[in-house]
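Here's the structure we're looking at; comments come further down.
The values are calculated or read from the model by the stated rules, or taken from the named source; none is laboratory data. Everything numeric here is computed off the predicted structure, so don't read it as measured data. Virtual Cβ from ideal backbone geometry, glycine too; neighbours counted across all protein chains shown. For accessibility, only protein heavy atoms count, side chains too; no ligands or nucleic acids. Shrake-Rupley method; radii C 1.70, N 1.55, O 1.52, S 1.80 Å.
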Amino acid sequence: MPELTTDVRYVKGIGEQRAKGLEKLGILTLRDLISYFPRAYDDRRTYKKIKDLEEGESACVEAMVASAPTLSRIRKGLELVKLRAVDETGALDVTFFNQAYMKDNLRAGETYTFFGKVEVMGRKRSMPNPIVEREGSRLVTGRIMPVYPLTAGISQLTLVKAMEQGLAACQKLLPDPLPDEVRQEHQLCRIGYAYEQIHFPAGDEELAIARRRLVFEELFLLAIGLKRLRGRRDELQCEPWRDTDLSDFYGSLPFSLTGAQKRAVEDIRSDLSSGRPMNRLVQGDVGSGKTMVAAAALLCAVRNGRQAALMAPTEILAEQHYKGLAPLLGKLGIKTVFLTGAMRVKERRAILEELAGGEAQVAIGTHALITADVVYHDLGLVVTDEQHRFGVAQRSALAAKGERPHLLVMSATPIPRTLALMIYGDLDVSIIDELPPGRQKIDTFSVPGSYHQRIYKFLEKEIAAGRQAYIICSMVEENGQIPDDRKAAMEYAKMLQEKVFPHLAVACVHGRMKPKEKEKIMSAFAAGEIQILVSTTVVEVGVDVPNATVMVVEDADRFGLSQLHQLRGRVGRGQHKSYCILISDNRNEETRARLKVMTQTGDGFKIAEEDLRLRGPGDFFGRRQHGLPALKVADLTCDMALLKEAQTAAAKLLERDPELEGCPETARRVASMFEVNADAMN
């Protein structure tokens, strides 16, 4: 008798080889298999007579093979099987590409169901590469079929057959994480029915019922997990900090903070005096002034007799923070030290002594701040910049250097409030939604690839005026292959240097470089020694180069809008007029609409809302690292009402049973869902 933990290779029709392919999809057990939900559905319920078929539609046709199929080899690597199928209304030409076995599978005089996209030329109707099965069998035609994300060696049919076997084997074994009273109160179907219908819906209504149940379940478990994370945090106590007078700090600045910056500072001051550890995210658009908010927090720490540490993801970004903050804090009598992995032993030893003895009050650096030999005298505040670049473990490692220090995380990736509440459910959120006066507006254009020569001339003009430029390529390699020699960053940089700008300094950075090598090139660019920097998205978060005025993004359609906005934020940081040029030959209407948004607004939050609407929640950070679970079924663009319902139900259950003692399966699933944070769940 199979169990939910049974290895997927023992499912009928899978075996060792296919199990390896499924492993790439994260499918290891029977439970993994049936929890691998379709990404879309193919409605194959429409049946038509041949004469009624219309150009471009997908439909099922029941037709008889009129004569024996023929096989022809056009060239190496291309074989065609052709046949003519007929019903009482007309004839349909059917072609199969590189499926030689179809010649013997289909027999003249027998009737089959063909499903595919129709092509019409005059009175002639054809169907290339249709799905086909014997009339009346209805295994893959005449029904709604699931469409799954795939990997090499795993076909839709393989997954469909495996899913049918998996559901038959364990549908009745599925424990329900929703308590009966919650399920009944919210009129949700049973779990077995939901799994059956989400994979193989009998109809639209059945699919809607199954999806509603599974979305509610996912959001309900997520809400419980986040509430428990927050609850554990709220139970922690610490000595309240005394309120800090910041008037001399404000007076030392050559500018006034915006209203949004001041609100964020007040949120932090309130947290620090609350008697429980702060856990706050300051989220602001590129250039919104998060660093000044962090500076106020650092000052509060020192004036309460504690030390503070600010950790940045790269050496160059850490150095930028140090150069900006050390003089500012120095004027206020605060000693700031800089710590990275590249330091000389003697210099590093001196800094470690100052931190351990308490002479150094603020430390700014990279991951070097969390190495085993770093000991703080009394670490009271931890600040992490670009927090999505750090894993939960790194954040925790720095926090572990002190006795329940306050935590402030900063992110320049604007995401909609609704999504922020889900992603950062364990944090309080302050949003800086206004830019300081004088921030440059960046003129943004969306153009086709035919504009390359004009763009190169424009770059020449800007560089002749003493400016610098970025050119972004979407990737270096894909599956080990360079997808396009011209656009792959290294090849493209080489071509530009040799053929387009031989008289200029062109360099390339990409994610596979060693950090030292990458930092060396970025530093040279910042120093003005390199005029054109060809890069993958490693510059998305990086050093300030006020002299860079042009951002060119090749294949801009391959990026999310929020990512494009981050890239655009690399320019417009100085006094010179700046430009962003998005190049794409993709003429898809939705793609054009997305890129048009970039040309119409510079507001990162509006762009993030639009990205959410057009793409769904997805993953705004590429590979997500904050440790909270991704959503499999729920879509925050259309499930907000259900989210509120699930959150209310979660709050009621936790009020009644805070430790979930009466709901062991709910507790198990929440812990499993938050496995990266499992220690916080227990």
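Of all the residues in segment 5-47, those that are among the hydrophobic types (A, V, I, L, M, F, W, C) and either in a helix (DSSP H, G or I) or touching a Cys at 6+ places or on another chain (Cβ under 6 Å) (or both) number 6. The combined condition, being crowded, with 20+ Cβ neighbours inside 10 Å and under 20 Å from GLN497 (Cβ atoms), is fulfilled by VAL552. With respect to the conditions (1) part of a loop (DSSP other than H, G, I, E, B); (2) within 30 Å of GLU661 (Cβ to Cβ); (3) of a type outside the set (S, T, N, Q), LYS172 falls short on a single one, namely (1).
Take ALA393 and tell me if it is open to solvent by 20 Å² or more (accessible area, probe 1.4 Å), modelled with pLDDT of 85 or more and not charged (D, E, K, R). Spell out how you get there, then give the answer.
Numbers: open to solvent by 20 Å² or more (accessible area, probe 1.4 Å): yes; modelled with pLDDT of 85 or more: no; not charged (D, E, K, R): yes.
No, not satisfied.
Comparison of LYS172, LYS161, LYS117 shows that the only residue that is of a type in the set (D, E, K, R) and touching a strand residue (DSSP E or B) at 6+ places or on another chain (Cβ under 6 Å) is LYS117. Could you please let me know if PHE216 is in a helix (DSSP H, G or I), in contact with a Leu (Cβ under 9 Å, 6 or more places away or on another chain), buried (at least 23 other Cβ atoms within 10 Å of the Cβ) and not acidic (Asp, Glu)? It is true that PHE216 is in a helix (DSSP H, G or I), in contact with a Leu (Cβ under 9 Å, 6 or more places away or on another chain), buried (at least 23 other Cβ atoms within 10 Å of the Cβ) and not acidic (Asp, Glu). The single residue among TYR112, TYR148 that is among the aromatic types (Phe, Trp, Tyr), touching a Leu at 6+ places or on another chain (Cβ under 6 Å) and either touching a residue at least 12 places away in the same chain (Cβ under 8 Å) or surrounded by 14 or more Cβ atoms within 10 Å (Cβ to Cβ) (or both) turns out to be TYR148. Evaluating LYS161 against the criteria (1) within 19 Å of ARG44 (Cα to Cα); (2) in a helix (DSSP H, G or I); (3) touching a Phe, Trp or Tyr at 6+ places or on another chain (Cβ under 9 Å); (4) not polar (S, T, N, Q) leaves one unmet condition, (3).
Would you call LEU106 open to solvent by less than 50 Å² (accessible area, probe 1.4 Å), farther than 30 Å from ILE34 by Cα and touching a residue at least 40 places away in the same chain (Cβ under 8 Å)?
For LEU106, the condition - open to solvent by less than 50 Å² (accessible area, probe 1.4 Å), farther than 30 Å from ILE34 by Cα and touching a residue at least 40 places away in the same chain (Cβ under 8 Å) - is met.
Every residue in segment 273-302 that is in contact with an Asp or Glu (Cβ under 8 Å, 6 or more places away or on another chain) and over 27 Å from GLY604 (Cα atoms), please. The answer is SER273, GLY275, ARG276.
Reported count of residues in segment 120-149, each being on the phi > 0 side of the Ramachandran plot and in a strand (DSSP E or B), is 0. Examine segment 341-348 for a residue that is touching a Leu at 6+ places or on another chain (Cβ under 8 Å) and within 28 Å of SER252 (Cα to Cα), and state whether such a residue exists. The answer is no; no qualifying residue exists. What are the residues in segment 21-42 that are of a type in the set (Lys, Arg) and surrounded by 15 or more Cβ atoms within 10 Å (Cβ to Cβ), if any? Within segment 21-42, just ARG31 meets the criteria. Looking across segment 156-174 at every residue that is under 14 Å from TYR36 (Cα atoms) and free of Cβ contacts under 8 Å to residues at least 24 places away in the same chain, the one that is least open to solvent (accessible area, probe 1.4 Å) is identified as VAL160. Quick one: is ARG45 more than 14 Å from LYS161 (Cβ to Cβ), open to solvent by 70 Å² or more (accessible area, probe 1.4 Å), in contact with a Gly (Cβ under 8 Å, 6 or more places away or on another chain) and modelled with pLDDT under 85? Spelling it out, it is not the case that ARG45 is more than 14 Å from LYS161 (Cβ to Cβ), open to solvent by 70 Å² or more (accessible area, probe 1.4 Å), in contact with a Gly (Cβ under 8 Å, 6 or more places away or on another chain) and modelled with pLDDT under 85. With a requirement of 3 or more residues that are in contact with a Leu (Cβ under 9 Å, 6 or more places away or on another chain) and at pLDDT 85 or above, the helices (runs of 4 or more DSSP H) lying completely within segment 631-682 that satisfy it span 640-656, 664-673. Here LYS48 passes the criteria (1) in contact with a strand residue (DSSP E or B) (Cβ under 9 Å, 6 or more places away or on another chain); (2) more than 22 Å from GLN156 (Cβ to Cβ); (3) in contact (Cβ under 8 Å) with a residue 24 or more places away in the chain except the one numbered (3). Pairs are defined by a Cβ separation below 7 Å, a sequence spacing of at least 6 or placement on different chains, a first member in segment 187-212 that is in contact (Cβ under 8 Å) with a residue 40 or more places away in the chain and outside any helix (DSSP H, G or I), and a second member that is surrounded by 14 or more Cβ atoms within 10 Å (Cβ to Cβ) and of a type in the set (A, V, I, L, M, F, W, C); the pairs so defined are PRO201/ILE144; PRO201/LEU207; PRO201/ALA210. For first residues located in segment 646-662 and open to solvent by 90 Å² or more (accessible area, probe 1.4 Å), partners that are among the charged types (D, E, K, R) and assigned to a helix (DSSP H, G or I) and lie 6+ apart or on another chain with Cβ distances below 8 Å do not occur. Close contacts from segment 241-265, counting a first residue that is without any contact (Cβ under 8 Å) to a residue 24 or more places away in the chain and a second that is outside any helix (DSSP H, G or I), with Cβ to Cβ under 8 Å and a gap of 6+ residues or different chains, come to TYR250/SER256; TYR250/LEU257. Is it the case that ARG18 is on the phi < 0 side of the Ramachandran plot and surrounded by 12 or more Cβ atoms within 10 Å (Cβ to Cβ)? So ARG18 passes the test. Scanning segment 427-461 for residues that are open to solvent by 40 Å² or more (accessible area, probe 1.4 Å), under 20 Å from SER578 (Cα atoms) and of a type in the set (A, V, I, L, M, F, W, C) gives LEU435, PHE445, PHE458. With respect to being modelled with pLDDT of 85 or more, out of contact with any strand residue (DSSP E or B) (no Cβ under 8 Å at 6 or more places or on another chain), within 17 Å of VAL8 (Cα to Cα) and open to solvent by 60 Å² or more (accessible area, probe 1.4 Å), GLU185 falls outside the description.
Mind telling me which of the residues ARG570, ARG558 ends up being under 24 Å from LEU496 (Cα atoms), open to solvent by 40 Å² or more (accessible area, probe 1.4 Å), in contact (Cβ under 8 Å) with a residue 12 or more places away in the chain and within 22 Å of the chain's Cα centre (by Cα)?
ARG558
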